[in-house]
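Asks: One structure coming up, written as structure tokens, with questions to follow.
The values are calculated or read from the model by the stated rules, or taken from the named source; none is laboratory data. This structure is a prediction, so every number in the text was calculated from the model and none was measured. All Cβ positions, even for glycine, are placed from backbone atoms using ideal geometry, and neighbour counts span all protein chains on display.
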Amino acid sequence: MALLELDGVAVHYGRIQALSDVSVTVEAGEIVALIGANGAGKTTTMRAISGLLPLSAGRVVFEDEDITRMRADLRVRRGICQAPEGRGVFPGLTVLENLDMGAYSRKDRRTAAYREDLDHVFELFPRLAERRNQAGGTLSGGEQQMVAIGRALMARPRVLLLDEPSMGLAPQIIQQIFRIIRDINADRGTTVLLVEQNASQALALAHRAYVLETGRVVQHGTGRQLLDDPAVRNAYLGVA
Ligand code: ATP
């Protein structure tokens, strides 16, 4: 049984069809990447999973339960947690307060389990531990991305959805973010679904990946298979 499954999903924005017959499976413990050009439908796919957009066809199944019509906030409670594109760090709150916001749906705040998760986030991101009392709005882009991921982790996700975690970051910071995603997956077996324009690094990181083109899945396989696929290399990796 897959942890998360999109089955024949279609999404429309008014009369514009953004996704057609998209089927994606994510097994527990995997890192799965969605790659594709601008406008291919990657963000739309994530929003369909988090419940921010209604489907016009198909189903979303999580842990064997059809959640196609479940409210977005209830999906978060089930463990489907997104660190959004554009980061969404609260500028006036400190790092610690921002991380705390991620735990809002938990009943065990201020308990040992909560503190353990906070320690885990600070282990993954020592930079945030040093800056725990600094205002979110004064952090660098890379640090804000760390807060966004840390905040999603504070909800103890069953599946962590990351939309373009490398966007707008310097190459060295991108390396760091990708390494941390690998650690998040390796340390606790957290399942990760990742949207990336940075195809080569995403494919190197992911166990499996799907290629989206104009709202359809045109290719899928292991990260390695796609890295070696001539059509993928030509279209997305800038090499023939
Ligand atoms: P990018 O990498 O540029 O963010 P993407 O692969 O995430 O692209 P989506 O944002 O999912 O692509 O967009 C898929 C298609 O749906 C695009 O053609 C886009 O113009 C269209 N679209 C997205 N949001 C809306 C909206 N609110 N109203 C109308 N069309 C939309």
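Asks: Looking only at region 28-49, how many residues end up being within 13 Å of the ligand (Cβ to nearest atom) and in contact (Cβ under 8 Å) with a residue 60 or more places away in the chain?
Replies: Restricting attention to region 28-49, the residues satisfying the condition of being within 13 Å of the ligand (Cβ to nearest atom) are 33-49.
Narrowing the set further to residues that are in contact (Cβ under 8 Å) with a residue 60 or more places away in the chain leaves 33-46, 49.
Final tally of qualifying residues: 15.
Asks: Is it true that some residue in region 64-81 is within 14 Å of the ligand (Cβ to nearest atom) and either out of contact with any strand residue (DSSP E or B) (no Cβ under 7 Å at 6 or more places or on another chain) or under 21 Å from THR191 (Cβ atoms) (or both)?
Replies: No, region 64-81 has no match at all.
Asks: Could you tell me which residue of region 14-27 is nearest to the ligand (Cβ to nearest atom), considering only residues that are within 22 Å of PRO165 (Cβ to Cβ) and not aliphatic (A, V, I, L, M)?
Replies: This residue is THR25.
Asks: Have a look at ALA28, ALA37, ALA10, ALA72 and point out the one that is at pLDDT below 95 and in contact with a Leu (Cβ under 7 Å, 6 or more places away or on another chain).
Replies: ALA72
Asks: Also: Just checking, does region 220-236 include any residue being touching a residue at least 12 places away in the same chain (Cβ under 8 Å), touching a Lys or Arg at 6+ places or on another chain (Cβ under 9 Å) and small (Gly, Ala, Ser)?
Replies: yes
Asks: If you don't mind, there's one more thing I want to ask. Could you check region 210-240 and list, in sequence order, the residues that are closer than 13 Å to ASN198 by Cα, more than 19 Å from the chain's Cα centre (by Cα) and surrounded by 14 or more Cβ atoms within 10 Å (Cβ to Cβ)?
Replies: Result: LEU227, VAL232, ARG233, ALA235, TYR236, LEU237.
Asks: Now for a different question. If you go through region 51-94 one residue at a time, how many are assigned to a loop (DSSP other than H, G, I, E, B) and of a type in the set (D, E, K, R)? Steps first, answer last, please.
Replies: In the first step, residues of region 51-94 are kept if they are assigned to a loop (DSSP other than H, G, I, E, B); the result is 51-56, 63-64, 67-71, 79, 84-93.
Narrowing further to those that are of a type in the set (D, E, K, R): 63-64, 69, 71, 85, 87.
Result for region 51-94: 6.
Asks: Can you tell me how many residues within region 162-179 are of a type in the set (Gly, Ala, Ser) and surrounded by fewer than 19 Cβ atoms within 10 Å (Cβ to Cβ)? Step through it out loud before you land on a result.
Replies: We begin by selecting, within region 162-179, every residue of a type in the set (Gly, Ala, Ser); these are 166, 168, 170.
From what is left, the residues that are surrounded by fewer than 19 Cβ atoms within 10 Å (Cβ to Cβ) are 168, 170.
Result for region 162-179: 2.
Asks: Only one of (1) under 29 Å from THR45 (Cβ atoms); (2) assigned to a loop (DSSP other than H, G, I, E, B) fails for ARG132. Which number is that?
Replies: Result: ARG132 passes all but (1).
Asks: I'd like to verify a number: residues in region 171-212 that are closer than 18 Å to MET146 by Cβ, out of contact with any Ser or Thr (no Cβ under 9 Å at 6 or more places or on another chain) and within 16 Å of the ligand (Cβ to nearest atom), how many?
Replies: 1
Per-residue answers, yes or no, for (1) assigned to a helix (DSSP H, G or I); (2) within 28 Å of GLY58 (Cα to Cα); (3) touching a Gly at 6+ places or on another chain (Cβ under 7 Å):
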residue: LEU169; (1), (2), (3): no, no, yes
residue: ILE174; (1), (2), (3): yes, no, no
residue: PHE178; (1), (2), (3): yes, no, no
residue: ASP187; (1), (2), (3): yes, no, no
residue: ALA209; (1), (2), (3): no, yes, yes
